[in-house]
């Protein structure tokens, strides 16, 4: 199997990468502040489910096929950009009031879970990252490469899960303080929306 030292290094790097500001962690934080940690947990589980799909795609060689198919890559690229713009619009026009209860105009837990899955699967940069990152830690031993890739993917998912859940709970813990000012909530939503728009533009304009 993979050397223990490499596993420790891999997990540490995975935690640091999960902490890197991006659409996933920003959305978990924003929605956890506005709607409570349960919503953040639902989104996190969806994001991690998407990571599981990416892991299997890399292990089974499907990721390489996608990367060598320009049309498939472009479709995923534009789907991801469009979905980020949709989320940006949703955040921009969302009422600036903290409500941790499930009201009728909110998605339920499964709805936010699906959002997390789609966010992850529609981002080709995640697939490209896994394709480049995971093989670097594969050990040269008798264990099948596919099994090692799946194991590394699961370890990365564990790191992401711990980071995003921590962010969700931290966000709810400060939500009471943020709720004292509607201006702060408005700026939080608008800032997140603008970042999502910029990320969507970057996704379209960047050559993968």
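Check residue 38 against each of (1) within 22 Å of residue 149 (Cα to Cα); (2) surrounded by fewer than 18 Cβ atoms within 10 Å (Cβ to Cβ) and name the one condition it does not meet.
Every listed condition holds for residue 38 apart from (1).
Among 150, 167, which is at pLDDT 85 or above, more than 13 Å from residue 27 (Cα to Cα) and assigned to a helix (DSSP H, G or I)?
150
Starting from the stretch 59-72, take each residue that is in contact (Cβ under 8 Å) with a residue 24 or more places away in the chain and list its partners that are part of a helix (DSSP H, G or I) and surrounded by 12 or more Cβ atoms within 10 Å (Cβ to Cβ), counting only C-beta distances under 6 angstrom and pairs at least six apart or across chains.
59/146; 59/149; 59/150; 63/57; 63/127; 63/131; 66/72
Going through the stretch 178-208 one residue at a time, which ones are part of a helix (DSSP H, G or I) and free of Cβ contacts under 8 Å to residues at least 12 places away in the same chain? Please lay out each step first, then the result.
Taking the stretch 178-208 and keeping what is part of a helix (DSSP H, G or I), we get 178, 182-205.
Selection gives 183, 184, 187, 191, 198, 202, 205.
Yes/no per residue for (1) modelled with pLDDT of 90 or more; (2) touching a helix residue (DSSP H, G or I) at 6+ places or on another chain (Cβ under 7 Å); (3) outside any helix (DSSP H, G or I):
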residue	(1), (2), (3)
76	no, yes, no
99	no, yes, yes
120	yes, yes, no
159	yes, yes, no
176	no, no, no
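How many residues are touching a helix residue (DSSP H, G or I) at 6+ places or on another chain (Cβ under 8 Å) and either farther than 25 Å from residue 78 by Cα or in a helix (DSSP H, G or I) (or both) if we restrict to the stretch 122-132?
7
Based on what the data block shows, is residue 71 assigned to a helix (DSSP H, G or I), at pLDDT below 90 and either closer than 21 Å to residue 195 by Cα or out of contact with any strand residue (DSSP E or B) (no Cβ under 6 Å at 6 or more places or on another chain) (or both)?
yes
The values are calculated or read from the model by the stated rules, or taken from the named source; none is laboratory data. The model shown is predicted, which means the values in this text are computed figures rather than measured ones. Because the Cβ atoms are built from the backbone with ideal geometry, glycine has one as well, and the counts that use them run over all protein chains shown.
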